[in-house]
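Can you read through this structure? Questions will come right after.
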Amino acid sequence: MRLVVDKSKPRPLDDALRDSCRDDRRDTMRGPDGPEGRELAAAVGDNLARHRLRRGVDLDRLAAETHIAVDLLALLEAGEAVPSLRALWALATALEVPFGALVARTGLTGAAFHVRRADRGRLISSASGRFRSRALFPLGDPYAPAVYELTLAPGCFEKAEAHGRNTYEHLTVVRGMLVVYAGEQLARLAAGDSLFFRADEQHSYRNPTSTDTVAHLVMSYA
């Protein structure tokens, strides 16, 4: 299967997807409920403000590039809202920083021996909660690779916008089946299969089965 885009004609579907992503980002901003929510909101707020100021980007420009309203960006920086998974990726791409840089706790030092229990790790989900990403590495550790556990509910389809230039993903399916679209390429992966691809173009993940699909994702950046 090849995905062919005719750039000479209007693309109402792309416009609809863009509107959907914008609405997703707006609708899923919520208050930081509970200790973990407050910790995540504070970390995102501090990191977002620090990276935005370091790059000299004002809120109006960031709002235009991410389709996140200025008032919502202000709430994020104040630690008063928790963004959706798509919103975090949009912010990381606009600021040209790794995804983990926005959710990391600052002030951490590298640990030579670190155990991550199965029920631990910062969890970020899509608006519907059907696509979940759990960090398997200690956020804030500059020596740790960016490794995530992805969980897709039955029938889940998750569309990802292009990440920053020269970003790559390496996926290994742990359980279930996964269909990955990357640009015009398509791969069907079973448990134990791996895929390496460029993530600086639009890509998506689909679980075609009636049970959860679990995959491990390693991100690499320029």
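Rounded to the nearest 0.05, what FRET efficiency do residue 190 and residue 113 give with R0 = 30 Å and r taken as the Cβ-Cβ distance? Could you check?
0.35
Okay, moving on. May I ask for the distance between the Cα centers of region 57-94 and region 136-178, given as a whole number of Å?
Cα centroid of region 57-94 versus Cα centroid of region 136-178: 21 Å apart.
Please report, to one decimal in angstroms, the Kirkwood hydrodynamic radius of region 123-220 built from all distinct Cα-Cα pairs.
Result for region 123-220 stands at 13.6 Å.
We did not get these values from a lab; they are worked out from the coordinates using the rules stated. If you're wondering where the values come from, they're calculated on a predicted model, not measured in any experiment. Reconstructed Cβ throughout: ideal geometry from the backbone, glycine too, with neighbour counts over all protein chains shown.
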